Each structure stands twice: as C-alpha cells, then as structure tokens.
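Trainee: Below: one structure in structure tokens.
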Amino acid sequence: MRKTINNILKLTAGLCMTVFCVSACTDWTRPESVEIHYPTLEEQNPELYEAYMQSLRDYRSSDHMVTFVKFDNLSTVPAGQSEHLNALPDSVDFVILKNPDNLSESIVSEMNEIRSMKGIKTLYTVSYSDFEASYDVYLEKWEEEHPQPETPDDASEETGDETPENPETPGETPTSFDDFMTAEMDRMLALYDKYPYDGINFLYNGVFSESLPEEDKTEYFASQSLFFSKVEAWIEAHPQSIVTFEGVPFNVANTVKIWDNCDFVIIDAINAVSAEELSQKVRLAISDAVKDSKLVIQVTALSVTNPTDTKGLFTALDEDGNQIRAIIGAAGWTSVYVDDFNKAGICIDNIRNDYFNILKTYKYSREAISIMNPSPLK
C-alpha cells in the first residue's frame, strides 16, 4: 500500500511539473504585438524625396497623356489604404470625387496634400442627369403628399349633374423642374468654395433633339439653356479653375459657348468592349465644336465584388489568353493617331477597384499610365 501511495505521489508531482513547464513555456512564447516602423523615402533621404516630388510637379506641366480617375470617397474617416487619396498612383493628374459633400477632415487634408506635394488636382461633378433623377424623386413624393381631388368631369358623372355647383379652385402645384434645378445647382456650385477643390466636371448627356415631339423641344432647350447659362456664369467667375465637360456634346445646342473654356472633354465608353468601339463612341458623341478639344475616353476598373459584371473588360485576349482590361486597352488606344479628333488621355471610373491586387496596388492603372507616357529611361 505504501509503495502504491509513493508511486501516486511521484506521478502527481510529475504531472504538476509538466503542467508548470507547459504553462511557463506558453507564457514565454506568447506572441506580442510589436510595432515595426519602416522608414519612408522622405525620412531616409529628404533631399531625394523633394527632388522626386518636384519631378512630379514638373510632369504635370509637360506635354503628356493625362489620367483622370473617379474616386468613390466616403464621408467617414478612411479605414484602409484603398480609401486614401494619397495612396493613388503618383502620376494621376486629376481626381474626381464621387461624393463631393460631407467630406471628412482626412479627405480634405489629403486633397491639399496631393495638390501641394504632387500637383494632383481634385474636382467634383455637377450633373444635369442627377438633377433630373432627383426631380423625379421629388415629384413622386410630392404627388403622394398631395392627392389630386376629383375632377369636375368625375364629380358630374357620380352626381349626374352636368356642372358642379362649387367648381374646384386651382390647387397647389409642385416646383417646376427649372426652379428645382436652379436651387440644386446653386447648392452644388457652392461646394467649390466650401472645400479645397481645383475645378468642376460638368456632366450633360441630353437627348437628340430631333427625336423629340415639337411640343417638347421648347421646354427641352429652355432647361438646357438654363443649365449652361449657370455653367458659363460660374466659369466666368472662376477663371483659374479647372473646367471639364463630360457627356454628349452632340446633344448641346450651338448657342452654348463653353468649349473654349473647357480644359478637357470626357466621353463615356464604359460599356465598350474594343478599341474600335472606343473610337465609335467618340465619333457619335462629339460635335464640330469640340473636334479640336482635348478628348478623354472614360472606361472603368473591373468590379471586385460582382464576378458577372464584365464592364472593364475587352473581348480581345492578351498573350496569356486572358481578356484585356479596358484600362489597358484604352491606354493603348490613345497612342493610335486619328485625324478627326484629338486624343488627350483616359478617365478611370471606380479606380478603387484596381487597388486590390495581390501583385501591386493599382496595378492596371499604373500600367496604363506607363503605356501612355513611357519612361525615357526604358
């Protein structure tokens, strides 16, 4: 019995020692968070960094194919590098913010940073199409809140009377589209002075006026004239700002005279699937008034969340058998000379989609810029 008890005590002691050692080893090897600081070029060599920044600013004023990008900014503080403006490729020329109001302090700070350090300009869009969409929403809500009374004809049918004794007086009417657009446009134009923007991108698609019934043409051209009269007044009041036009110049009346004051004209080709279609989109959209303007073709970065969305891909294949990214195809398209319009660069919509790449952030955007503006060292 004594021998058995001694064996049990020895076994218990051994187990305790084992538990202690395991516990101790766990404490000794428990991983701890260690902040590792990787010095930047600015910290390692301030003079070289400043020389690089100066070369970027010089690049802006040189004769080169420009790169616009549309950035889907958030009103909250950036949570990752993909949400930072200063993480965009250094050779981007213009950033168009998709959400121009309620900017976070971080975004405002980075707008100033990329301008002063790199020479990158920030714009936002004032869109006629957005005003139309907002007005439709307003009108639908107004009609829900203001149900229309029975018409005299309806009332007479129910009562059998030919003429109602108390005819309805004219009721409240909704705000007209022109008045609605004027108020909304004033609000949007005011954002230029509210934030440190460098310019505005004015978007107007319109319709082919000859397709409209005669009774609708007067109203159509009146609204178009109102929109562009405010654009012209804003341009005159801001002579140092960057001004771009996006949309279909062909649908703009000849009486509009903003083209001499537009730095670039952006033609949308997001749905194009070939270089040939890019040229076709341009030729269908432009008018004689803009043939000498600097034309920028707009494509999009491929979606990273919807595998069925093929916008951003050309049908042509690269040497590895993969479909060519529209960003790359558009960059190559700019180098092919045509004699009927002036190619000036590309605009990349949804640029943040291109951030997420296992090889390099903004891989295809960087490659496109290199294609359009090859380094003299290569």
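The values are calculated or read from the model by the stated rules, or taken from the named source; none is laboratory data. Nothing here was measured: the structure is a model prediction, and the numbers come from that model. So basically every Cβ, Gly included, is an ideal-geometry build from the backbone, and we count neighbours across all protein chains shown. Keep in mind that these areas ignore ligands, DNA and RNA; they rest on the heavy atoms of the full protein, side chains included. Shrake-Rupley method; radii C 1.70, N 1.55, O 1.52, S 1.80 Å.
Trainee: Which pairs have Cβ atoms under 6 Å, sit 6 or more apart or on different chains, and link a residue in region 188-215 that is without any contact (Cβ under 8 Å) to a residue 60 or more places away in the chain to one that is open to solvent by 40 Å² or more (accessible area, probe 1.4 Å)?
Mentor: Close Cβ pairs satisfying both conditions: none exist.
Trainee: State which residue is most open to solvent (accessible area, probe 1.4 Å) when the search covers only region 281-294 and only residues that are out of contact with any Leu (no Cβ under 9 Å at 6 or more places or on another chain) and not in a helix (DSSP H, G or I).
Mentor: Asp292
Trainee: Could we say that Thr169 is among the hydroxyl-bearing types (Ser, Thr, Tyr), in a loop (DSSP other than H, G, I, E, B) and either closer than 16 Å to Val256 by Cβ or at pLDDT 95 or above (or both) here?
Mentor: It is false that Thr169 is among the hydroxyl-bearing types (Ser, Thr, Tyr), in a loop (DSSP other than H, G, I, E, B) and either closer than 16 Å to Val256 by Cβ or at pLDDT 95 or above (or both).
Trainee: Counting only residues that are farther than 14 Å from Val338 by Cβ and at pLDDT 95 or above, how many does region 295-305 have?
Mentor: Counting residues in region 295-305 that are farther than 14 Å from Val338 by Cβ and at pLDDT 95 or above gives 7.
Trainee: So, in region 358-378, exactly how many residues are closer than 24 Å to Asn99 by Cβ and free of Cβ contacts under 8 Å to residues at least 40 places away in the same chain?
Mentor: So the count comes out to 0.
Trainee: Turning to a different aspect of this structure: Just give me the residues in region 228-250 being assigned to a helix (DSSP H, G or I) and either under 22 Å from Leu123 (Cβ atoms) or open to solvent by less than 10 Å² (accessible area, probe 1.4 Å) (or both), in sequence order.
Mentor: Within region 228-250, Phe228, Ser229, Lys230, Val231, Glu232, Ala233, Trp234, Ile235, Glu236, Ala237, Pro249 qualify.
Trainee: Condition first: closer than 16 Å to Phe94 by Cα, open to solvent by 50 Å² or more (accessible area, probe 1.4 Å) and not aliphatic (A, V, I, L, M). Can you find one or more residues in region 359-369 that meet it?
Mentor: yes
Trainee: Given the condition surrounded by 12 or more Cβ atoms within 10 Å (Cβ to Cβ), over 29 Å from Asp101 (Cβ atoms) and basic (Lys, Arg), answer yes or no: does some residue in region 207-227 qualify?
Mentor: yes
Trainee: Can we say Ile346 is at pLDDT 95 or above, under 18 Å from Lys311 (Cβ atoms) and in contact with a strand residue (DSSP E or B) (Cβ under 6 Å, 6 or more places away or on another chain)?
Mentor: yes
Trainee: When only residues in region 329-357 that are farther than 27 Å from Ser287 by Cα and touching a residue at least 24 places away in the same chain (Cβ under 8 Å) count, which is surrounded by the most Cβ atoms within 10 Å (Cβ to Cβ)?
Mentor: Asp354
Trainee: Being open to solvent by less than 60 Å² (accessible area, probe 1.4 Å) and outside any loop (DSSP other than H, G, I, E, B) is the filter here; which residues of region 173-182 pass it?
Mentor: Within region 173-182, Phe177, Asp178, Phe180, Met181, Thr182 qualify.
Trainee: Here's a follow-up. Go through (1) part of a helix (DSSP H, G or I); (2) touching a helix residue (DSSP H, G or I) at 6+ places or on another chain (Cβ under 8 Å); (3) open to solvent by 10 Å² or more (accessible area, probe 1.4 Å) for Leu278 and report which single condition fails.
Mentor: (3)
Trainee: Criterion first (touching a Phe, Trp or Tyr at 6+ places or on another chain (Cβ under 9 Å), more than 20 Å from Phe94 (Cβ to Cβ) and touching a residue at least 24 places away in the same chain (Cβ under 8 Å)) does Ala222 satisfy it?
Mentor: The answer is no for Ala222.
Trainee: I would also like to ask the following. Of everything in region 183-221 that's outside any helix (DSSP H, G or I) and hydrophobic (A, V, I, L, M, F, W, C), which residue is farthest from Glu246 (Cα to Cα)?
Mentor: The extreme case among them is Leu212.
Trainee: I would also like to ask the following. Give the residue, chosen from Phe245, Phe314, that is within 12 Å of Tyr204 (Cβ to Cβ), modelled with pLDDT of 95 or more and of a type in the set (A, V, I, L, M, F, W, C).
Mentor: On inspection, the qualifying residue turns out to be Phe245.
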